[in-house]
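Encoded as structure tokens, the structure appears first; notes follow it.
Coordinate-derived values only; no laboratory data. As the structure is a prediction and not an experimental result, all values here were calculated from the model. Here Cβ is always computed from backbone atoms with ideal geometry, including for glycine, and neighbour counts include all displayed protein chains.
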Amino acid sequence: MSCDHRDMAVAFLSLAVMFTGLNRAAFIVNHNDFAPKYAGVLFGITNTFATVPGMIAPIVAGALTPNILDSNTDLMCLFRRIPQKNGEMYFTYVQLSVYLGRWCLEV
């Protein structure tokens with residue numbers, strides 16, 4: 001899509017955000033329906049499994065994409081690493097919160 005089709009880009013972006021919101025609303029309710037007492041733990045576990053593809057996808061995309069060296073290589077490398085590091089930090093946070101949050105569960 002070129003810069004001449006800005007209106008279509010905005011429309012597609014708006015639709016994508018709308019469908020993401022619909023998906024998130026249904027996803028969060030399911031945990032409360034299945035086990036209201038353990039909804040937080042279930043949400044942490046399912047988010048862990050949902051986050052793994054998001055961390056693997058940049059690695060696969062980097063392996064499949066040709067490496068073109070130019071003057072912006074260092075800048076583009078920085079922008080590729082920011083989402084990867086955010087994903088790693090979030091994954092670590094979820095794992096620690098599930099592991100350390102076990103004290104609040106009733107057995």
K37 paired with L22, simple spin-label distance in nm, labels 7 Å along Cα-to-beta-carbon: 3.6 nm
What FRET efficiency comes out for the pair V10/F91, r = Cβ-Cβ distance, R0 = 30 Å, nearest 0.05? 0.40
Order 82-89, 14-21 from most to least packed using the mean count of other Cβ atoms within 10 Å. 82-89, 14-21
